Structures are given as C-alpha cells and as structure tokens.
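Student: What follows is a structure written as structure tokens; I'll ask about it next.
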Amino acid sequence: MEYKNIVLKIEDNIALLTVNRPKALNALNSEVLSELECALYEIENNDDVKCVIITGDGEKAFVAGADIKEMLGMDAIAAAEFAKKGHSIIRFIRKMKKPVIAAVNGYALGGGFELALACDIIYASENAKLGFPEVTLGIMPGFGGTQNLVRICGEKIANELIFTGQMISAVRAKEINVVCEVLKDKESLMDRAFETAKKIASNSPKGVAFAKSAILTGVNMNLSEALDYESTLFGLLFNTEDQKEGMSAFVEKRKAKFKGK
Ligand code: CO8
C-alpha cells in the first residue's frame with residue numbers, strides 16, 4: 001500500500017515506521033491513524049519482520065499529539081469514534097507478536113506520548129519533551145494515556161502529569177520508568193533503537209512473542225493465574241523447532257539459526 005503520512009522501510013528483519021507529517025509536527029489525524037493501522041497490520045503479517053521501530057520525521061517531534069485542528073470541529077460521537085480508532089492501534093501494538101520500540105526524537109505530547117507508551121520499549125533523545133497537555137485544551141487523554149501511564153509509574157506520578165499538563169524531560173521520563181535510556185541526539189537514538197532491534201531479531205521469534213504475551217497478559221491477572229499462564233506458554237515452546245535449534249546450538253557450541261517455527 002502507498003502511504004502519504006508515514007514511511008515504512010523494511011530491511012534486515014527490522015521495520016522502521018516513521019510518522020512523516022513534519023508541517024504539523026507529525027500530529028495524528030484520522031488519515032495518519034488509518035495508515036498506521038494498515039502499516040502495523042502489514043508488518044505483523046510479514047514473516048521477515050522480527051522487530052519494529054516507530055519514530056517521527058526530523059528532530060523536533062516524535063508526534064506532537066492528536067491533530068487539534070481536526071478535533072476542533074468534532075462532536076461527542078465523532079470524538080469517541082476518533083479515540084476508538086486510536087485504541088484499536090494500541091490494542092494491536094500490545095497484541096503484536098513482534099516487539100515495538102518507540103524512538104522518541106523531540107515532542108511526544110498527548111496522543112504522541114500515548115503512542116510511545118503503547119510500545120514495548122522506549123528510547124528518547126535528550127531534546128525529547130513528553131507530556132499530556134490535554135487538560136490545557138479542555139479535554140483529557142483519550143488514546144490509552146490514563147490507563148497505560150498509571151500502570152507504568154503509579155497513580156501519584158500519573159496524576160501529577162495528567163492534571164498539570166506539564167511537559168517533562170527525557171531524563172525525568174527515565175526516572176519514572178517511562179524511558180529505558182536517554183541518548184544524546186537523534187543519530188545515537190536511532191543507533192540504539194537499531195542495536196536493540198537487531199538483538200531481538202536474532203532471537204527466537206516464538207520465544208520473544210510468547211514472553212511478550214506472558215508479560216502483557218500476566219500483568220492483568222493475579223499472580224497465581226499469571227504463573228499458570230507463564231508455565232503453559234513455557235511448555236508450548238518445547239513443541240517448537242526453535243527450542244530444539246536453540247538448545248542444540250548451545251550444546252554444539254554454535255550460533256542458533258531460528259526459523260520462527
Ligand atoms: N495538532 C495539529 N497541529 C499541530 C499540533 C497538533 N497536536 N502540534 C503542532 N501543530 C502544528 C502547529 O499548529 C503549527 O502549524 P502552523 O505552522 O500551520 O501553525 C506547526 O505544527 C508547528 O507548531 P508550532 O508553531 O506550535 O511549533 P512550536 O515549536 O512553537 O511549538 C509545540 C511546539 C510546543 C509542540 C506546540 O506545537 C504545541 O503545543 N502543540 C500542541 C501539543 C498538544 O497539545 N498536543 C496534544 C493534543 S490533544 C491529544 O493528543 C489528545 C489525544 C487523545 C485522542 C487520540 C485518539 C487517537
């Protein structure tokens with residue numbers, strides 16, 4: 001499919017998805033959301049792809065939020081539909097077999113912060129600014145922000161960020177466990193994202209996918225149910241060729257070649 005507002009590059013088992021609407025600081029309008037949804041679907045169904053990186057075009061913004069100019073004229077029904085469209089992307093990213101890394105280069109505000117929070121790993125450049133300015137616009141986060149932030153850094157920090165609408169630095173985002181690492185500029189940010197993506201891509205795709213499922217599904221279960229879920233997935237991996245290959249390679253002192261089977 002041809003995309004107008006995003007660029008999708010697939011190379012060496014890694015998909016790089018760039019939101020490319022620089023005139024609006026990569027803000028998410030309905031068209032961008034539809035394209036993101038299609039691209040993520042395309043990536044998930046491409047067996048060559050083992051890991052995904054999402055970033056924003058340029059150095060100024062990852063995504064500066066949902067498109068305020070589009071939202072200005074929305075009534076309640078249209079706004080709820082718009083949020084649901086966003087939610088289906090978040091749900092999709094969370095359920096994808098392939099890990100998704102957000103490389104946050106600059107502003108990640110409102111829906112942009114929420115898009116990053118939906119990803120499995122977040123790296124940020126030193127100039128990144130993250131926050132939820134929604135209450136300054138008379139609305140509230142509606143792209144999963146109220147639910148994901150509280151699960152990552154707890155109620156008090158989530159309250160402070162969401163009720164004030166203040167932006168935080170990448171360093172502060174790391175302190176509150178939102179960001180894994182802060183990199184000095186866009187180039188080192190992308191290098192770091194690719195380094196991690198390559199490591200993930202060299203591992204067993206099924207092992208990675210099942211681990212992602214155990215982490216994300218288990219967190220919403222009680223510990224006993226979550227441990228049962230983990231042991232079921234652990235057992236299922238012993239039906240795969242990758243388990244045989246991974247363990248044989250160890251014993252034979254060679255590098256494993258995983259097929260994702
Ligand atoms: N929507 C639409 N246009 C935007 C947005 C946005 N979110 N952010 C920036 N732009 C546009 C500006 O209007 C401007 O366009 P133009 O030149 O035509 O006027 C261009 O991008 C450049 O922006 P600025 O001139 O403002 O650049 P500055 O460097 O002065 O400021 C800021 C950068 C601080 C990032 C500033 O642009 C800003 O505050 N932007 C808005 C940030 C914001 O409030 N985001 C939250 C939006 S609400 C939201 O995301 C709700 C999500 C919940 C539902 C989602 C469901 C999918």
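The values are calculated or read from the model by the stated rules, or taken from the named source; none is laboratory data. Quick caveat: nothing in here was measured; it's all calculated off a predicted structure. All Cβ positions, glycine included, derive from the backbone under ideal geometry; neighbour counts span all protein chains shown. SASA here: full protein model, heavy atoms, side chains in, ligands and nucleic acids out. Shrake-Rupley method; radii C 1.70, N 1.55, O 1.52, S 1.80 Å.
Student: Can you pull the three principal axis extents for the Cα set of segment 1-118, in Å, largest first?
Tutor: On the principal axes, segment 1-118 reaches 43, 29, 26 Å in Cα extent.
Student: Shifting gears a bit: Could you pull the accessible area for residue 223 with a 1.4 Å probe, rounded to 10 Å²?
Tutor: Roughly 130 Å² of residue 223 is accessible to a 1.4 Å probe.
Student: Let me ask something additional. Quick one: Cα centre-to-centre distance for segment 156-196 and segment 53-91, in angstrom?
Tutor: The distance from the Cα centre of segment 156-196 to that of segment 53-91 comes to 20 Å.
Student: Would you tell me the accessible area of residue 21, worked out with a 1.4 angstrom probe on the heavy atoms of the protein chains, in Å² to the nearest 10?
Tutor: Rounded to the nearest 10, that gives 50 Å².
Student: Here is a further query. Rg and Dmax of segment 150-261, using alpha carbons, in Å: what are they?
Tutor: Rg then Dmax for segment 150-261, in Å: 18.9, 57.
Student: Tell me the carbon and sulfur percent of the accessible area for segment 71-168, rounded to whole percent, probe radius 1.4 Å. Show your work: numbers first, answer last.
Tutor: On the way: 2620 of 4300 Å².
Carbon with sulfur: 61 percent of the solvent-accessible area.
Student: Just how many % of Cα pairs in segment 64-188 lie over 25 Å apart, if you round to the nearest whole percent?
Tutor: 21
Student: At a probe radius of 1.4 Å, what is the per-residue accessible area of residue 232, in Å² to the nearest 10?
Tutor: For residue 232, solvent-accessible area is about 80 Å².
Student: How many nm separate the modelled label positions at residue 37 and residue 78, each set 7 Å beyond the Cα in the direction of the Cβ?
Tutor: Taking the simple label geometry, residue 37 and residue 78 are separated by 1.7 nm.
Student: Over the Cα atoms of the chain, what is the Rg over Rh ratio if Rh follows Kirkwood?
Tutor: 0.99
Student: Average the reciprocal distances over every distinct pair of alpha-carbons in segment 66-124, invert the result, and give the Kirkwood radius in Å.
Tutor: Working: mean 1/r = 0.0795 Å⁻¹.
One decimal place: 12.6 Å for the Kirkwood radius.
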